[in-house]
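Just so it is clear, none of the values below were taken in a lab; they were calculated from the coordinates. Values in this document were obtained by computation on a predicted structure and should not be read as measured data. Methodologically, a virtual Cβ is constructed for each residue, glycine included, from the backbone with ideal geometry; neighbour enumeration extends over all protein chains shown.
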Amino acid sequence: MIAHALHRSSWSLVALAAAAVLAGCEDGTTLGPTERPAISASRGVDLGGCDEIGVPEGSKLVLHAYAEGVQVYQWDGGAWAFRGPSAKLYADAAGTGTVGIHYGGPTWESNSGSLVVATLNTPCERGPADIPWLRLDAVRSEGPGIFHRVAFIQRVNTVGGRAPTAPGSVGEVRNVPYTAEYFFYRAP
C-alpha cells in the first residue's frame, strides 16, 4: 500500500518514513515513546573489552540515549570529591531530540516524568582522560514511561569528565564537561 502511494504521488523519502511510523503495526497500534519494540541485549552494545559491565542474558534494551553535560567536583582541602552529574539526554549523537535529564542519585528522568535511580555495580576503566564505563543496577523506577521497570543501565563511550588534577581552594566547585552513551534495560 505504501509503495503504491509513493508511486502515485511525489512523496519524499521523509514523508514515506513518517507515514510508516504513523501507520504502526498491522493491528492499528502506533509506536510512541513508551511503545517501542524491545531489543535483546545480546544484539547490542560494543563493550570494548569491558565484558564485566554486561547485563544478564535476555535483558531487553528499551532506550539508547546520548548524554552531554558535566561531572561536578568540589575541593575538600585534600582532593576533588565527586558531587554528581548534570546532563541532558538526547535521542541521537547530534544532540537533537532531548529525551530527559541526568542528575545526582544517580537519577535519569524522562521528559514524560518517568525516572530511574541506580547504584554502581561494576566500573571499567578505559584510560586516564575519560570517566569509566559503568554497569549500574536500578534501585527504584517510577513510571509510567520509558524508565518504568528499568533494571540495568550501561554507561559507555565516555569522553572527559575526570576530576581536575590540580588542587583547588576549599569549597571550590568545578564542572568538568563529559559525553557518554547510556543503554537502559528491563530485566529478562
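Using a 10 Å cut-off on Cβ atoms, rank the peptides 96-109, 47-60 from the highest mean neighbour count down. Display every interim value, and only then the final one.
Values: 96-109: 17.5, 47-60: 15.4.
Highest mean packing first, the order is 96-109, 47-60.
In Å, what Kirkwood hydrodynamic radius results for region 47-188 from the alpha-carbon pair distances? Please report the intermediate quantities before stating the final value.
Numbers: mean 1/r = 0.0645 Å⁻¹.
Across region 47-188, the inverse of the average 1/r is 15.5 Å.
What nm value, rounded to one decimal, do you get for the distance between Asp51 and Thr165 when each label is placed 7 Å out toward the C-beta?
Result: 3.3 nm between the two label points.
Based only on the alpha carbon positions, what is the Kirkwood hydrodynamic radius of region 122-188, in angstrom?
Values: mean 1/r = 0.0715 Å⁻¹.
Kirkwood hydrodynamic radius for region 122-188: 14.0 Å.
Quick query: amide H of Phe152 versus all other amide H atoms, modeled in the peptide plane; which residues come in under 5 Å with a sequence gap of 5 or more or a different chain?
Ala138, Tyr185
Tabulate in residue order the Karplus-calculated ³J(HN,Hα) for region 104-112, using 6.51 cos²θ - 1.76 cosθ + 1.60 with θ = phi - 60°, rounded to whole Hz; enter x for Gly and Pro.
Using θ = phi - 60°, the values come out as x, x, x, 10, 10, 10, 7, 4, 7 Hz.
Which order do the peptides 74-84, 129-139 come out in when sorted by mean C-beta neighbours inside 10 angstrom, highest first? Don't skip to the answer; put the middle values down first.
Numbers: 74-84: 14.0, 129-139: 18.4.
Most protected by this proxy first, the peptides run 129-139, 74-84.
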